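The next block holds one structure in the form of structure tokens; read it before the comments.
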Amino acid sequence: MSALLHAPAVGTRIIDVVSVQSQVVYGSVGNSIAVPVLQALGLQVAPVPTVVFGNTPHYPTMHGAPLPLDWFEGLLEDLEAREVVTRARHLLVGYLGSPAQGLALAAWLDRMRVRNPALRMQIDPVIGDHDTGIYTDPALVPVWRDHLLPRAHGLTPNHFELEQLAGRPLRTLHDCAQAATDLLGPVTEWVVVTSAAPETCPPGVVQVLAVSAQCWETFEHPAVAHAVKGTGDMFAALVGGRMMTGVALGDAVRRACDDVVAVLRHVQAQGWQELALPRDIGRRLG
């Protein structure tokens with residue numbers, strides 16, 4: 001009888017990924033890029049917005065706000081009530097609107113893991129970048145570090161974010177590898193650092209560092225001169241989505257680097273100022 005009570009209703013849509021991130025009306029950051037990427041990989045996605053903005057802040061005007069905490073918690077509760085998270089395989093977390101959202105998410109995740117121990121979480125701890133500094137609430141840093149990262153199976157910070165989490169400058173790849181290794185633990189199995197060690201990076205390339213308990217590996221891809229936002233969100237979705245389909249970490253990172261470069265070159269060729277996927281992105285990612 002118990003099994004029948006918790007069985008999904010006939011016709012229930014199975015969700016592969018719950019993606020908790022920002023949402024913009026114009027542009028391609030957060031869920032606005034992660035969702036189409038994951039769908040192009042053949043995955044079913046339930047997007048949960050943490051903030052809703054008209055666009056990113058680098059435009060002259062911007063409207064919107066973080067979701068009120070009761071709204072955010074209510075969306076998570078609705079996913080729980082619909083049995084979505086008890087059957088989902090992956091939870092992708094990116095931009096958070098407030099420290100309170102982070103604490104609520106950690107508590108909700110603990111409840112969900114009791115019901116679905118197989119649920120894996122990947123965190124892209126959005127804090128800021130070298131060209132902008134910190135652009136989220138600075139009080140989120142200890143929430144990421146102390147409450148969310150220890151619950152994650154995989155992490156995809158950029159170099160600036162890794163420095164904020166480590167609490168010290170990281171000049172070399174070895175420095176980055178040590179800081180990433182320090183984030184590994186009983187749950188956390190891998191860390192991928194984008195734009196790693198930019199001070200010591202060869203000209204014209206970008207370094208990506210993948211660290212696990214077994215080894216650390218460096219990848220290089222061409223630097224594409226374009227100021228579009230959202231490439232980190234796209235990269236995180238590509239890595240996590242590919243790993244869900246059975247691709248090993250190193251291969252997922254390598255292919256994600258190639259995909260990001262290809263999309264940036266496509267956007268550059270079109271003369272666009274916002275990230276956008278080619279119409280045949282499903283074929284390209286296949």
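The values are calculated or read from the model by the stated rules, or taken from the named source; none is laboratory data. Everything numeric here is computed off the predicted structure, so don't read it as measured data. A quick note on method: Cβ atoms are made from the backbone with ideal geometry, for glycine too, and the neighbour counts reach across all protein chains shown. Remember, those area values only see protein heavy atoms, side chains included, never the ligands or the DNA or RNA. Shrake-Rupley method; radii C 1.70, N 1.55, O 1.52, S 1.80 Å.
Here are some notes:
- Model label sites at ASP146 and ILE134, defined 7 Å from Cα along the beta-carbon direction, differ in position by 1.4 nm.
- Compared with the alpha-carbon gap, the fully stretched path from THR86 to ARG284 is longer by 68.2 nm at 0.36 nm per residue.
- Ranked order, MET121, MET244 - accessible area, probe 1.4 Å, largest first: MET244, MET121
- Rounded to 0.05, the FRET efficiency of the GLU217 and ARG13 pair, given R0 = 30 Å and the Cβ-Cβ distance, is 0.20.
- Formal net charge of residues neighbouring VAL48 (Cβ-Cβ distance under 12 Å; K, R +1; D, E -1): -4
- Under 5 Å from the amide H of VAL29 lie the amide H atoms of VAL24, each residue being 5 or more positions distant or on a separate chain, with H modelled from the backbone and absent for Pro and chain starts.
- Sequence-distant residues sharing a close amide H with MET121 (under 5 Å, placed H): LEU91, HIS153, GLY154
- Phi to ³J(HN,Hα) by Karplus 6.51 cos²θ - 1.76 cosθ + 1.60 over the stretch 159-171, Hz, x for Gly, Pro: 4, 4, 5, 4, 4, 5, 6, 7, x, 7, x, 10, 8
- Ordering PRO198, CYS176, ALA237 by the projection of their Cα atoms onto the charge dipole of the stretch 171-242, which places +1 on the Cβ of Lys and Arg and -1 on the Cβ of Asp and Glu, puts ALA237 at the extreme positive end.
- Estimated [θ] at 222 nm from DSSP helical runs (n ≥ 4, -39500 (n - 2.57)) normalised by residues in the chain, nearest 500: -11500 deg cm²/dmol
- For the chain, the dipole from Cβ point charges (+1 on Lys and Arg, -1 on Asp and Glu) about the Cα centre works out to 700 debye, to the nearest 20.
- The string of couplings for the stretch 176-190 from the Karplus curve (6.51, -1.76, 1.60, θ = phi - 60°) is 5, 4, 5, 5, 5, 4, 5, 7, 5, x, x, 9, 6, 9, 8 Hz, one whole number per residue in order, with x for Gly and Pro.
- Principal-axis analysis of the Cα atoms of the chain puts helix 69-81 at an angle of about 60° to the longest axis.
- A simple rule links phi to the HN-Hα coupling: the Karplus curve 6.51 cos²θ - 1.76 cosθ + 1.60 with θ = phi - 60°, which for the stretch 236-245 gives 4, 5, 5, 5, x, x, 5, 5, 5, 8 Hz, with x for Gly and Pro.
- Mean projection area, nm², convex hull over Cα of the stretch 148-214: 4.2
- Bridges between two residues of the chain, per DSSP, are antiparallel at a rate of about 45%.
- Between helix 249-270 and the chain there is an angle of about 70 degrees, using the helix long axis and the longest principal axis of the Cα atoms.
- Correct option for volume of the Cα convex hull per residue in Å³ [calculated from the coordinates] among (i) 117; (ii) 134; (iii) 189: (ii)
- Cα centroids of the stretch 83-159 and the stretch 210-260: 18 Å apart.
- Rounded to 10°, Cα long-axis angle of helix 99-115 versus longest principal axis of the chain: 50
- Annotation for ARG265 and HIS58: the two label points, set 7 Å from Cα along the Cα-Cβ direction, are 2.2 nm apart.
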